[in-house]
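Everything below concerns the one structure shown next.
The values are calculated or read from the model by the stated rules, or taken from the named source; none is laboratory data. These numbers come from a predicted model, not from an experiment. For neighbour counting, all protein chains shown are included, and Cβ atoms are generated from backbone atoms with ideal geometry for every residue, glycine included. The protein model used for the area step is the full one, side chains on, heavy atoms only, and it has no ligands, DNA or RNA in it. Shrake-Rupley method; radii C 1.70, N 1.55, O 1.52, S 1.80 Å.
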Amino acid sequence: MPISAVIFDMDGVLVDSEKYWSEAEEVVFGELGVDVKPEYRKITQILTAPEVIHFWYEKSPWTGVSYDEVEQRVIRYVQSCIERDDCETPGAAAFIRKLKTEGYLLGLGTNSPLPLAKTVLQKLEVEDCFSAVVTADQVSKGKPDPEIYQLVADRLQINPSECLVIEDSFYGMEAAIAAGMHVAAYLPHQSPSSVQVDYILRSFDPPQFFVSSVPEKIFQLTAL
C-alpha cells in the first residue's frame with residue numbers, strides 16, 4: 001500500500017535533546033544524593049520518565065521528595081533546555097511543513113511526556129501540522145512496545161501498513177516494526193543497527209532517503 005502518513009519520533013529526530021536528559025539526571029538525582037553512574041545511561045535512555053525515576057530510586061532510595069515531584073523536576077529541566085537552545089534538527093520543521101502541504105497525515109509518537117512534546121512542536125512552529133500526538137504518559141507501555149505507534153495509527157484512522165515511521169533509536173524502530181509500519185532510520189552518520197528497516201534517512205535538509213537493502217538507490221516520497 002502507498003504511504004499516506006508519516007509518523008515522527010521526537011528526541012533525536014526533531015530535536016537534539018537526548019543530551020538534556022543526561023544532564024537532567026545528573027542534576028536532579030545528584031541533588032537527591034544519587035550516584036548517577038554514566039554506564040547506566042544505556043539503560044535509562046530507553047526508559048520513559050516514570051521508569052527513569054523508579055530505576056534511580058531502586059539504585060539509591062531518597063526521602064522527602066515524591067516520585068511525581070522528581071519527575072516534574074526532570075521534565076522542567078529538559079523543557080528549559082529545549083526552550084533556551086537552538087536544538088532543532090536542521091531542516092526538520094521545513095520537511096514537516098512540506099509533507100503537510102503535500103497531503104500526508106502526520107503523527108508524533110514519543111517516549112517523552114506530553115508537556116515536552118508540546119514544547120518541541122511549539123518551538124519548531126509545527127504544532128498545527130500534526131493530526132495525532134501520542135506520548136508515553138498516554139499509554140501503558142513505552143517503546144519498544146508498539147502501543148505508542150498503534151495508537152497514533154488509530155488516531156489518524158489509517159492502516160499501519162500505510163505509515164512510515166522516522167526513528168533514530170533501536171528500540172523505537174523495533175516498536176514501529178512490531179506495529180506493522182514502514183521504518184526509515186534517521187542515521188545522519190552511523191550505519192544501521194541490526195534492526196531490518198526499509199529506508200535510511202541521512203538528512204532532512206535536503207531530504208535524503210535511501211533504500212536500506214540497496215544503499216545507492218534513493219527513495220522519494222511523492223512530495224519530494
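Some points to look at:
- Selected residue (criterion: modelled with the lowest pLDDT) from residues of the range 1-12 that are open to solvent by 10 Å² or more (accessible area, probe 1.4 Å) and over 10 Å from the mean Cα position of the chain (by Cα): MET1
- Lone unmet requirement of (1) exposed (fewer than 15 other Cβ atoms within 10 Å of the Cβ); (2) among the polar types (S, T, N, Q); (3) outside any helix (DSSP H, G or I) for GLN122: (3)
- Of all residues in the range 14-39, those satisfying the criterion of being within 25 Å of SER203 (Cβ to Cβ) and among the acidic types (Asp, Glu) are ASP16, GLU18.
- Filtering the range 157-178 to residues that are open to solvent by less than 10 Å² (accessible area, probe 1.4 Å) and either of a type in the set (A, V, I, L, M) or within 15 Å of the chain's Cα centre (by Cα) (or both) leaves LEU164, VAL165, ILE166, GLU167, GLY172, MET173, ALA175, ALA176.
- Residues of the range 13-27 satisfying the condition of being under 22 Å from the mean Cα position of the chain (by Cα) and under 23 Å from THR63 (Cα atoms): TRP21, SER22, GLU23, ALA24, GLU25, GLU26
- Residue within the range 138-156 that is open to solvent by 10 Å² or more (accessible area, probe 1.4 Å) and either modelled with pLDDT under 90 or closer than 22 Å to GLY91 by Cβ (or both) present: no
- Residue in the range 76-95 that is of a type in the set (S, T, N, Q), modelled with pLDDT under 95 and open to solvent by less than 80 Å² (accessible area, probe 1.4 Å) present: no
- The range 135-167: number of residues that are under 13 Å from ALA5 (Cβ atoms) and either assigned to a strand (DSSP E or B) or small (Gly, Ala, Ser) (or both): 6
- Within the range 75-90, residues that are farther than 19 Å from VAL52 by Cα and charged (D, E, K, R) reach partners that are surrounded by 14 or more Cβ atoms within 10 Å (Cβ to Cβ) and modelled with pLDDT of 95 or more with beta carbons closer than 6 Å, at six or more positions or on different chains, in the pairs GLU88/VAL15; GLU88/LEU124.
- Within the range 17-62, the set of residues being farther than 21 Å from GLY142 by Cα, assigned to a loop (DSSP other than H, G, I, E, B), open to solvent by 50 Å² or more (accessible area, probe 1.4 Å) and in contact (Cβ under 8 Å) with a residue 12 or more places away in the chain comprises GLY33, ASP35.
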